[in-house]
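Note sheet for the following structure.
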Amino acid sequence: MTVSRALRDDPRVSPEKKARVRTAVKALGYSRNEAARNLRLGRSGGLVGLVVTNLANPFYSQLALGVEAVASEHGMRVILGNSGEDVARERQLVHDFASRRLDGIVVVPVGSNHRHLNAAQQTGIPVVLAASPPVKLLADAVMLDDFGGSWEATHHLIEAGHRKIAFLGLQPSTWTGSERFRGYCAALEEAGIPLDERIVSRQQRDVATAERATLEMLDQEDPPTAVFAANNRNTIGAYRAIRGRRSNIALAGFDDFELADMLALPLMVVKYDPGELGRRAAELLCDRITNPQPQAESAARRIVIPTKLVEYGLQ
């Protein structure tokens with residue numbers, strides 16, 4: 001008990017005894033078991049989980065930093081898991097986090113059915129979704145204005161005179177993939193431009209496949225005059241293809257990225273703060289942790305992060 005009090009800087013322990021305890025702790029390399037201590041005191045473990053779909057994408061590192069910043073303010077730490085865009089892997093990660101009795105979980109979900117996350121909530125662990133609204137699940141969520149950003153970028157290309165605009169998208173099963181495609185289609189429809197499936201590709205998962213898809217479109221007899229890419233990986237892949245062909249095709253993309261302003265061609269991007277997405281998701285989660293109540297008794301909250309259009313490389 002004296003050692004415990006000394007390490008807590010309890011005033012009931014004399015300065016001399018505190019100094020002796022600290023000397024012994026340093027010599028022995030002792031480290032307090034916080035998990036056991038919290039369990040004995042009936043406190044939480046001070047850990048939250050974050051499940052993302054693709055750590056190779058800088059978007060998720062910025063989102064994770066946002067989550068970590070807010071968690072740190074509340075005296076908590078973050079455990080990160082990567083689902084690799086695999087639903088089964090996501091289920092396993094959430095199960096592992098729940099079995100370790102984490103205080104809460106932020107999930108960027110892979111699929112369009114989130115029923116498996118109910119299991120974590122039923123054990124008293126709050127769940128917040130990022131970048132997607134919940135389906136078959138009652139939970140808070142923070143999303144981007146995916147539809148509005150995609151509509152604005154496509155509309156801008158149309159106003160610049162383009163009628164044949166290619167689309168490099170994401171998996172249709174994800175909220176982000178479907179909403180960004182819907183914004184693209186809505187802008188075309190409003191302008192009276194029919195959808196051309198020959199210049200639509202929605203299965204790219206990395207830069208290399210995005211580059212190949214763009215090259216295939218450029219090789220068509222009547223190639224597109226502009227490309228809209230639904231995320232930064234697709235934008236970089238499209239840029240490589242366009243640069244390699246020395247084409248003057250207009251390029252627009254969803255997500256800003258480092259050195260976007262240094263590319264050797266004009267580029268338009270739908271910009272937002274991914275860190276803000278993470279911060280707001282973590283704020284909702286910390287509120288649920290601090291003020292626990294049955295989810296059914298409180299309305300699920302929705303926050304939409306706005307986007308804006310920026311242009312690089314234009315004189």
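Read-outs throughout are calculated quantities, based only on the coordinates presented, and are distinct from any laboratory measurement. Computed from a predicted model, the values in this text were never measured in an experiment. Ideal geometry is used to build each Cβ from the backbone, glycine not excepted, and the neighbour counts take in all protein chains shown.
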How far, in degrees from 0 to 90, does helix 274-290 lean away from the longest principal axis of the Cα atoms of the chain, to the nearest 10?
40
Near-label residues of the range 69-90 by backbone N, under 20 Å of a point 7 Å along Cα→Cβ of Lys136
83-90
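If you take the square roots of the eigenvalues of the alpha-carbon gyration tensor of the range 58-124 and sort them as a ≥ b ≥ c, do you get rounded (a/c under 1.5), prolate (a/b over b/c) or oblate?
oblate
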Let me make sure I get this right: for the range 50-172, a, b and c are the square roots of the gyration tensor eigenvalues over alpha carbons, sorted descending. Under 1.5 in a/c it's rounded, otherwise prolate if a/b > b/c, else oblate. Which is it?
prolate
Hits among lysines - C-alpha to C-alpha of Lys17 under 30 Å, sequence gap 8 or more where chains match:
Lys26
Who wins for biggest fluctuation among Ala166, Ala260, Ala24 in a Gaussian network model of the chain, springs between alpha carbons below 10 Å?
Ala24
Among [x] -0.31; [y] -0.37; [z] -0.49, which one is log10 I(q)/I(0) by the Debye sum over Cα atoms at q = 0.07 Å⁻¹ computed from these coordinates?
[y]
The range 222-281 versus the range 144-184: alpha-carbon centroid distance in Å
12
For Glu221, put the label point 7 Å out on the Cα→Cβ axis and report which residues of the range 196-213 keep their amide N under 20 Å from it.
196-200
Peptide ranges 134-140, 51-57 listed from the most packed, as the mean C-beta count within 10 angstrom indicates
51-57, 134-140
